[in-house]
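Report on one structure; see the data block that follows.
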Amino acid sequence: MESGVRKEDKPPSSSFNLQQLPSSVKPGPLRKIIMVASIAAGVQFGWALQLSLLTPYVQLLGIPHTWAAFIWLCGPISGMLVQPVVGYHSDRCTSRFGRRRPFIAAGAAFVTIAVFLIGYAADIGHLSGDSLTKTAKPRAIAVFVVGFWILDVANNMLQGPCRAFLADLSGTNQKKTRTSNAFFSFFMAVGNVLGYAAGSYTHLYKLFPFSRTKACDVYCANLKSCFFISIALLLTLTILALSYVREKPWSPDGRPGEGGDEEEEEEAIGEAKESVPMPFFGEIFAALKNLQRPMWILLMVTCLNWVAWFPFLLFDTDWMGREVYGGDSSGNADQLKMYDRGVHAGALGLMLNSVVLGVTSLGVEPLARGVGGVKRLWGIVNFVLAICLAMTILITKLAQSNRRYTTVNAGTHLLPPPPGIKAGALALFAVMGIPQAITYSIPFALASIFSNTSGAGQGLSLGVLNLSIVIPQMVVSVASGPWDALFGGGNPPAFVVGAVAAAVSGILAFTMLPSPPPDIPSNKMAVTAAFH
């Protein structure tokens, strides 16, 4: 070959060769990147509603707090299987509509179906024979679980192809790559703020009077109304983006995109023809077998980091309703009312968290330069996370010792916590947006950097990193309920474990995690992603 490089000296082909484009492929215009990135707002709106409202909702359907976490197993399972499989097949999709657009459209359609099942679970259960006088509603729970699993699968169908579509539109232009990821993160923050704001507003159901029924009380009707808005937002953004931004059909002997050196394109096409892709799970097992030491350390630090995060992400609003406000989702009317107020206060806290998350995400690189590198920044914020999780214990004890009651008509009624305690809890939510922004960016950027020296594809390395996120989520989902029950119920015991895990993760980040090379290509630090 004229380049002087023998064919046998090149790295072996893999399935991820399909994602490589000639170096001179022209990126898409910025307006198209913004349109596709905006879909993240619709996805994250629904995800924010899940985090803020669904754990209390399943308890209202009759699932005990101890076992509510099992419902959340669908998230990590679908994230471990669906997202990489969909991404793998979207690379090879030869539809005339493009590679990514069919999967994005299908994901949006399944989200719509799932949201209707979740919102109408109580009504369907009642029509199927559930008694309104009994706490447990088995038929409603069954409908809810089916809808919830479909929702998580659909969200994973959306997220992977959306990020891949942005990469396709960015081509090999490093500035466009940074910009597309920045817009994706921005719209994630927008979706979070909208979702948590909707969850914190207690009278949203009045916009949809039909949502309140015999089987669906005010809280249920409000959740249903939130999901109606979520569907409208997601479908609107998806239809606009997919209608405006077109893809060229892909085939194994041709690449999407325009321009490029003719000789380079012919060589790339020849390699695509000659390569025999390894099956998807073969790629994953091969990647795990050949991982370099830096990647293993990164997986370990990431795993501990998410062991710390998941107890709070799963039970943050429940903590506000139960420990801070002193309510009980299965108690009397007074306790239930106070629990509901606490959940909505928690949703407000999550909205504040999202604002801080969005602002901090824009300043990750300046912060890293200020503290001496990304590994130091990650280590510092892990200690911040540990302190915040430990502070939940202090706030819980203060709320319990300052519990207030009032007497009305010879009856004793529970009052909300003092303003100072409520303000402290909301401030805690906001501060945790800082370590969350780092968690959503630095691990993925380091995985991208470390994969360069190992020869692994970017998509494959990020897929392997995803395993270190979903596996701890599965462990926490299964163990947190029984673990809390050992100490009398409630959420603080799981938060203590999270604080310890965050501290250990910070220590490992400082002492064992390798620093990335000083001269980093700019597009490598722009990788951001949302967990599921």
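If you filter segment 142-172 down to residues that are small (Gly, Ala, Ser) and open to solvent by 50 Å² or more (accessible area, probe 1.4 Å), you find that the one that is nearest to the chain's Cα centre (by Cα) is ALA167. The set of residues in segment 229-270 that are among the basic types (Lys, Arg) and modelled with pLDDT of 75 or more comprises ARG246, LYS248. If you go through segment 388-425 and keep only what is of a type in the set (A, V, I, L, M), over 24 Å from GLY331 (Cβ atoms) and in contact (Cβ under 8 Å) with a residue 12 or more places away in the chain, you end up with LEU389, ALA390, MET391.
What residue, of LYS176, LYS206, is assigned to a helix (DSSP H, G or I), of a type in the set (Lys, Arg), open to solvent by less than 50 Å² (accessible area, probe 1.4 Å) and modelled with pLDDT under 80? After applying the criteria, what remains is LYS176.
Restricting attention to segment 119-128, the residues being of a type outside the set (A, V, I, L, M) and open to solvent by less than 10 Å² (accessible area, probe 1.4 Å) number 2. Is there a residue in segment 481-491 that is at pLDDT 75 or above, farther than 23 Å from TRP378 by Cβ and either open to solvent by 30 Å² or more (accessible area, probe 1.4 Å) or over 20 Å from the mean Cα position of the chain (by Cα) (or both)? The answer is yes; a qualifying residue exists. Against the test of being aromatic (Phe, Trp, Tyr), at pLDDT 80 or above, over 26 Å from the mean Cα position of the chain (by Cα) and surrounded by fewer than 20 Cβ atoms within 10 Å (Cβ to Cβ), the options PHE116, PHE97 yield a single qualifying residue, PHE97. Taken over segment 436-453, the criterion of being assigned to a helix (DSSP H, G or I), under 16 Å from PHE184 (Cα atoms) and modelled with pLDDT under 80 is satisfied by ILE442, PHE444, ALA445.
Results for (1) under 20 Å from LEU169 (Cα atoms); (2) part of a helix (DSSP H, G or I); (3) at pLDDT 85 or above; (4) open to solvent by less than 50 Å² (accessible area, probe 1.4 Å), shown as yes or no for each residue.
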position: ILE71; (1), (2), (3), (4): no, yes, no, yes
position: GLY75; (1), (2), (3), (4): no, yes, no, yes
position: VAL86; (1), (2), (3), (4): yes, yes, no, yes
position: ALA106; (1), (2), (3), (4): no, yes, yes, yes
position: ASP130; (1), (2), (3), (4): no, no, no, yes
position: THR133; (1), (2), (3), (4): no, no, no, no
position: ALA136; (1), (2), (3), (4): no, no, no, no
position: ALA140; (1), (2), (3), (4): no, yes, no, yes
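Return the residues of segment 492-530 that are surrounded by 18 or more Cβ atoms within 10 Å (Cβ to Cβ), modelled with pLDDT of 70 or more and among the polar types (S, T, N, Q); say none if nothing qualifies. The answer is SER505, and nothing else. Is one or more of the residues making up segment 346-354 in contact with a Leu (Cβ under 7 Å, 6 or more places away or on another chain), among the polar types (S, T, N, Q) and open to solvent by less than 10 Å² (accessible area, probe 1.4 Å)? No, segment 346-354 contains no residue that is in contact with a Leu (Cβ under 7 Å, 6 or more places away or on another chain), among the polar types (S, T, N, Q) and open to solvent by less than 10 Å² (accessible area, probe 1.4 Å). Among the residues of segment 332-368, the one identified as touching a Lys or Arg at 6+ places or on another chain (Cβ under 8 Å) and of a type outside the set (Gly, Ala, Ser) is TYR339.
The values are calculated or read from the model by the stated rules, or taken from the named source; none is laboratory data. Computed from a predicted model, the values in this text were never measured in an experiment. FYI the Cβ positions are ideal-geometry reconstructions off the backbone, even for glycines, and counts take in every protein chain you see. Accessible surface areas use protein heavy atoms only, side chains included; no ligands, DNA or RNA. Shrake-Rupley method; radii C 1.70, N 1.55, O 1.52, S 1.80 Å.
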